[in-house]
1. Among the lysines, which fall within straight-line cross-link reach of Lys253, defined as a Cα-Cα distance under 24 Å, with same-chain neighbours fewer than 8 residues apart omitted?
2. Whole-Hz Karplus ³J(HN,Hα) for region 336-345, in order, using 6.51 cos²θ - 1.76 cosθ + 1.60 and θ = phi - 60°, x for Gly and Pro?
3. Check Val217: other-chain or 5+ apart residues with amide H under 5 Å from its amide H, H built from backbone geometry?
4. At 0.36 nm per residue, and after removing the present C-alpha to C-alpha distance, how many nm does the segment from Val213 to Asn356 gain when stretched out fully?
5. Using amide H atoms built 1.01 Å from N in the peptide plane, name the residues 5+ places from Val364, or on other chains, whose amide H lies under 5 Å from its own.
6. Toward the positive end of the charge dipole of the chain, about the Cα centre and with charges on Cβ (Lys, Arg +1; Asp, Glu -1), which of Pro254, Gly166, Pro286 goes farthest?
7. Please name which of Gly71, Ala277, Gly373 has its Cα lying farthest along the dipole of the chain towards the positive end, using unit charges on Cβ (Lys, Arg +1; Asp, Glu -1) and the Cα centre as origin.
8. Mind checking the dipole of region 61-299: about its Cα centre, +1 per Lys or Arg Cβ, -1 per Asp or Glu Cβ, Debye to the nearest 20?
Amino acid sequence: MVVMTGATVNAGYTPSPREIGTGSEANVKIEPFALERWMTTYEMNVGFDIAESGIYPMTMQELVDLERSAGDDGALDRLLNLRLGYSEAPGSAELRGLLAATYAATAEDEILVTTGAIEANFLLFNLLLQAGDHVIVIHPCYQQLESVPKAIGCDVSRWCVRDDAGFRFDVRDLEALITPHTRLIVLNSPHNPTGAVLSEADLTRVYALAESVDATVLADEAYRWLTIPGEPPLAKPMRDRGEHGISVGTFSKPFGLPGIRIGWIAGSADLVAKCWAMRDYVSLSPGKLNDALAVIALKHRDQIGERTRTIVERNLATADAWFQEHADIATWSRPRGGLLSLIQYDLKMPSLALANHLAEQFGVMLAPGSAFGFEGYLRIGIGQEPAVFAEGLDRTAHCLRALQPADALASTGAATS
């Protein structure tokens, strides 16, 4: 895979020498994406995927029914009669307008619709960075957030999560990493894979630190709107904090629509124009049908949010009971936001080997912690259909107990059947 190092010319836009780059980085290779390579091995072949990072996917029928419930009986006919030509390259004006309205003082031309958040991040990294730039990345993280800056040739520092009776980030650790040469700070809150959350005060301080050295904050806000019942409301998006802030969003996680492959960038009009110019060489434009489905979903965000909360509440109750029952073999830190957390298991077995065994012998997907640099853990998601989630946990318990050493089983009185 080739990392691009500069923007292209589009609609009268001429890239600067910095954006064009020297060309010396053009053939840099990106390391294999460990999590995605592992996921594709099993995700279509197991019956109990409880590693999934999003909410249980919606159907097209459910989306159409939302329109009907609002008194619009023509939604299905409009979708069936939609001519499947090219769409508006930056995303439809309607979708960009609806997305812009979810931010403070953001206009339609400050939104670029992308092929998922993953394309948004890829474009931003290749536009904003060049070899030698200092980048601070939250750790652990979705691998793209670190691997692409490294492939570009950046000097990457890790802002590491703390495990102090629950996962959390300490802004003082970030302060120690900031230098006058820092160009970009990369965040993800609520956090994949730990469920840690940066508070409003935390993010205000992060933005101030970036501003003090003229750096940019790129916030991967894939879990925006996914507040955990009983936890404080999530902080406002990074885009709303000023010109040093960029927000990336997606319909995959909070809406349960990963199949439409729609994400977006919220930033300055200049930044969006440059990302759009670069995207001419990647995916060109979003799919027209995907864009139309995203419009329906965003119009009914509140109703979809209720569906999401119902699923999360049921799965949290199931998980709480399961971890209480099986505390001798597995523990977790309840997510403070989003849909993910890490299970720490009591076995002397590498997480990749355990994840493979669970998938192949028990039909359960729990992602290996090694894919995030966290050995001895498995990533769990609480967005699955509740009956599947419960059965997946039951099978996991059976697997972990079967793998316990005989002396450990005798000491706890646990059965292996």
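1. Lys236, Lys288, Lys299
2. Karplus values, whole Hz, x for Gly and Pro: 8, x, x, 9, 10, 7, 10, 9, 9, 10.
3. Ile185, Gly245, Ile246
4. On the way: separation 143, 0.36 × 143 = 51.48 nm, distance 4.46 nm.
Answer, rounded to one decimal: 47.0 nm.
5. Sorted by chain and number, the residues that satisfy this are Ala359.
6. Pro286
7. With unit charges placed on the Cβ atoms, the residue in question is Ala277.
8. Numbers: 21 positive and 32 negative charges, 65 e Å.
Here the size comes out at about 320 debye.
Since every read-out is calculated from the coordinates, none of them should be taken as a lab result. Source: prediction; values computed, not measured. Because the Cβ atoms are built from the backbone with ideal geometry, glycine has one as well, and the counts that use them run over all protein chains shown.
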